[in-house]
Amino acid sequence: GALGAGTGPLAGRRALVTSGPTHEPIDPVRFIANRSSGKQGHAIASALAALGAEVTLVSGPVTLPDPPGVTTVHVESAEAMLAACRAALPVDVAVCAAAVADWRVADAADQKRKKQPGQDTMALTLTQNPDILATLSRPGEGRPMLVVGFAAETERVIEQAREKRDRKGCDWILANDVSATSGTFGGDANTVHLITADGEDAWPVLSKAEVGQRLAARIAETLGGEA
Ligand code: CTP
Ligand code: CA
């Protein structure tokens, strides 16, 4: 693995993490993007590697350095992110922390789109992107033992995250309260609840690094080392 002979509670385990935004091309010089720094996903990848897992990080465009001890695959679009995730399988655990664009431009142009004289408006037709988390969660041969997603919500946080967990078919959801009242919006700290089949766990306000460490520890408890 990337760390050589991994030691720690996740030694021998393989992990996949998605991180960052995706960029969906409009033409060769323009794109639609999501706001995401990639900090949380990268922190999770680092924390899993620190516990001995062999980690593949599939990252959209970010300004962060590649985390040491992790195999980082760089992609731009949601479709490329899904392809890179499939290529990283099989894994024991997958964590989808990327802010994937829900839509891509249906007919991305090969050449730069030029304004026409007198043109005041321009319409783009968008097509829904593949849902990477739902795809990885689909039951069947090769499904990771544990699939974890995120849900950033501003209201009815737990309830909506639980619905999202059911809809996507993942095992755990980290519900991120991004409402103004949580006091952490836009900051480096995260207010999260871990939603599982059994219930939910309210975590204290933590840094993104601490969220990564706590999640990795919980994953280690659940999976243990290679059987
Ligand atoms: N996700 C994904 N692929 C997509 C969209 C979302 O893997 N095309 C993952 C995200 O990485 C996250 C989870 O799904 O782990 C929830 O993303 P979110 O945008 O909150 O959910 P959506 O199903 O897209 O619902 P919404 O309409 O609220 O955006
Ligand atoms: Ca979305």
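Miscellaneous remarks
- Test item: Cα-centred dipole of the chain, Lys/Arg +1 and Asp/Glu -1 on Cβ, debye: 440
- One equal scatterer on each Cα of the chain, no solvent, Debye formula: the resulting log10 I(q)/I(0) at q = 0.09, 0.11, 0.15, 0.16 Å⁻¹ is -0.38, -0.56, -0.98, -1.10.
- Taking the stretch 54-142 and dividing mean pair separation by its residue count, relative contact order in percent (alpha carbons under 8 Å, at least six apart): 27
- Note that the stretch 93-102 has calculated 3J(HN,Hα) couplings of 9, 10, 10, 9, 10, 5, 8, 7, 5, 5 Hz, one per residue in order, obtained from phi through the Karplus relation 6.51 cos²θ - 1.76 cosθ + 1.60 (θ = phi - 60°); glycine and proline are x.
- Taking the chain and dividing mean pair separation by its residue count, relative contact order in percent (alpha carbons under 8 Å, at least six apart): 22
- The protection proxy used here, the mean number of other Cβ atoms lying within 10 Å of each residue, ranks peptides 59-70, 17-28, 208-219 as follows, highest first: 17-28, 208-219, 59-70.
- Å² per residue, accessible surface of the chain at 1.4 Å: 51
- Atom-type composition of the exposed protein surface of the chain places 50 percent of the accessible area on carbon and sulfur (1.4 angstrom probe).
- FRET efficiency estimate (nearest 0.05) - Cβ-Cβ, residue 106 to residue 197, R0 45 angstrom: 0.75
- Three-way shape call for the stretch 34-108 based on the alpha-carbon gyration tensor, with the a/c threshold at 1.5: prolate
- For residue 103, distant residues with modelled amide H under 5 Å away: 129
- Of the beta bridges in the chain, as assigned by DSSP with both residues counted there, near 40 percent are antiparallel.
The values are calculated or read from the model by the stated rules, or taken from the named source; none is laboratory data. Just so it is clear, the model here is predicted, and its values are computed rather than measured. Cβ sites come from the backbone with ideal geometry, for glycine too, and all protein chains shown count toward neighbours. Calculation scope for accessible area: heavy atoms of the full protein, side chains included, ligands and nucleic acids excluded. Shrake-Rupley method; radii C 1.70, N 1.55, O 1.52, S 1.80 Å.
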